[in-house]
Amino acid sequence: MKIIGFAHIDGKTEMVLKGDSSMLVNRKPFFVPEGTTDIRWTRCVVLRVSRLGKGIAPRFANRYWDAFAPGADFIAEDMLQAAKQTGSSWTSATCFDYSLAIGEWTEGTMVDANYDVSDLVVTAEEAISQASKTMTIRQGDLIYISRKMDACPAKKEEIITETINGTEKLYCKIK
């Protein structure tokens, strides 16, 4: 299983890969990892891939996912800046354990659920198309798309929530 992300970093859209240990689910709290003092988070939408595909045209991309969930993408900003200065990999800053909180899945399209996606860094169709250009996407893979917002500092005891049609779908407390 792959987690492919489209994150808003320094005003640009970057494709990021995360391991499956990055998933934080079932309303579990987010614990600030050791080695960082500046964790930031951004709201995102997570798509669940429902079929195998490679080189998918944007007009067919909606056939390749069957559910979405609200999420929160955590980044170690201090580690990211250090990696940029040295020209090293951003991996330690973006794909540490539990760095992607995923809410409850909603079957169907975001339009049907009246879920506002006007501020995503790329559309769902663009994300699936771009990801499938360089790698095969498979059933069970996840694709997350950040919103065009500056990352918020993660404050201890802060609670991140998001609702869809009046039902709370994402709950994550920062510890």
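The values are calculated or read from the model by the stated rules, or taken from the named source; none is laboratory data. As the structure is a prediction and not an experimental result, all values here were calculated from the model. Here the Cβ is made from the backbone with ideal geometry for all residues, glycine too, and neighbour counts use every protein chain on show. In case anyone asks, the SASA skips ligands and DNA or RNA and just uses the protein heavy atoms, side chains included. Shrake-Rupley method; radii C 1.70, N 1.55, O 1.52, S 1.80 Å.
Points to keep in mind about this one:
- Which listed residue, of Thr136, Thr91, Thr86, is at pLDDT 95 or above and among the hydroxyl-bearing types (Ser, Thr, Tyr): Thr136
- If you check Gly71, Gly108, Gly140 for being farther than 17 Å from Lys2 by Cβ and of a type in the set (Gly, Ala, Ser), only one passes: Gly108.
- Extreme residue, nearest to Met1 (Cα to Cα), among residues of segment 38-56 that are open to solvent by less than 10 Å² (accessible area, probe 1.4 Å) and of a type outside the set (A, V, I, L, M): Gly53
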